[in-house]
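Reviewing the structure listed below.
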Amino acid sequence: MSSIKRSPWISFANMGGCNGCTLECFACFNPRYDVTRFGMELKASAKHADVLLVTGIVNKQNIKRLLKIYSQLPEPKRVVAVGACAVTGGLYKGSYSQAGPLDNVMPVSVYVPGCPPRPESIIDGIRKCLNDKGSR
Ligand code: SF4
C-alpha cells in the first residue's frame, strides 16, 4: 500500500447532526474553494472513491447504512471524520441513541475537529489523508 499519487476521488456520507458540516464539505467543491483545481472529484458512490468524508452523528439507526457504505469503499480504505459530531460525538455525546463517535465503528485516517470545521480545514484533512496508507 502507498500514498495516493494521482487525483483523489472523494465520496461523502452524511450521518445527520445539524448538517453544518455537510454544507462546509460541499463548500470545498464550490468555485470559491475549488478543490477540483487539485484534481479532487466528488463521486456519488463510495465504490468509486479513494477517500470517504463522514459527517454527523453515528447512531443506532444509521450505523448499518454507514457500515454498508464503508464496505463499498475500495481498499486501502481512507476515512476522514469531519466535525465534532463524527470526531467525539459533539453535542450528541452521551445520547441514548448514539453508536459513535466514528472511530468506535471504523478506522479513521484523519480527524477534522470543529463545529463545523471550515473548508480550509477539511481540505487540509483530505490532503493529510492522501499520505495515509489506509486500512484493510
Ligand atoms: S459538528 Fe456541529 S456543525 Fe457539524 S453536524 Fe455536528 S452540530 Fe452540526
Counted residues in the stretch 52-77 being farther than 19 Å from Leu91 by Cβ and either of a type in the set (Ser, Thr, Tyr) or in a loop (DSSP other than H, G, I, E, B) (or both) come to 6
Requested in this report: Kindly establish whether Lys60 is away from the ligand (no atom under 16 Å from the Cβ), charged (D, E, K, R) and in contact (Cβ under 8 Å) with a residue 12 or more places away in the chain.
Outcome: yes
(Q) Yes or no: the stretch 27-41 includes at least one residue that is more than 15 Å from the chain's Cα centre (by Cα), in a loop (DSSP other than H, G, I, E, B), over 27 Å from Gln98 (Cβ atoms) and among the hydrophobic types (A, V, I, L, M, F, W, C). (A) no
Flagged in the stretch 1-38 as among the β-branched types (Val, Ile, Thr) and closer than 17 Å to Asp50 by Cα, in numbering order, are Ile4, Ile10, Val35, Thr36
With the first residue restricted to the stretch 24-36 and required to be touching a residue at least 40 places away in the same chain (Cβ under 8 Å), and the second required to be of a type in the set (Ser, Thr, Tyr) and part of a loop (DSSP other than H, G, I, E, B), Cβ contacts under 9 Å at 6 or more apart or on different chains are Ala27/Tyr33
Pro76: passes all of (1) more than 17 Å from Gly20 (Cβ to Cβ); (2) free of Cβ contacts under 8 Å to residues at least 60 places away in the same chain but (2)
Per the filter on the stretch 75-84, residues at pLDDT 95 or above and out of contact with any strand residue (DSSP E or B) (no Cβ under 7 Å at 6 or more places or on another chain) are Ala84
In the stretch 44-62, anything under 15 Å from Asn14 (Cβ atoms) and either of a type in the set (Ser, Thr, Tyr) or surrounded by fewer than 17 Cβ atoms within 10 Å (Cβ to Cβ) (or both) is listed as Ala44, Ser45, Thr55, Gln61
Of the residues in the stretch 80-121 that are in a strand (DSSP E or B), away from the ligand (no atom under 11 Å from the Cβ) and in contact (Cβ under 8 Å) with a residue 40 or more places away in the chain, the one that is surrounded by the most Cβ atoms within 10 Å (Cβ to Cβ) is Val80
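For (1) in contact with a helix residue (DSSP H, G or I) (Cβ under 7 Å, 6 or more places away or on another chain); (2) of a type in the set (A, V, I, L, M, F, W, C); (3) on the phi > 0 side of the Ramachandran plot, each residue gets a yes or a no:
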position: Trp9; (1), (2), (3): yes, yes, no
position: Asn19; (1), (2), (3): no, no, yes
position: Arg32; (1), (2), (3): no, no, no
position: Phe38; (1), (2), (3): no, yes, no
position: Lys43; (1), (2), (3): no, no, no
position: Ala49; (1), (2), (3): no, yes, no
position: Thr55; (1), (2), (3): yes, no, no
position: Val58; (1), (2), (3): yes, yes, no
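The values are calculated or read from the model by the stated rules, or taken from the named source; none is laboratory data. The structure presented is a predicted model; accordingly, all values stated were derived computationally and were not measured. Cβ coordinates were reconstructed from backbone atoms using ideal geometry, including for glycine residues, and neighbour counts include every protein chain displayed.
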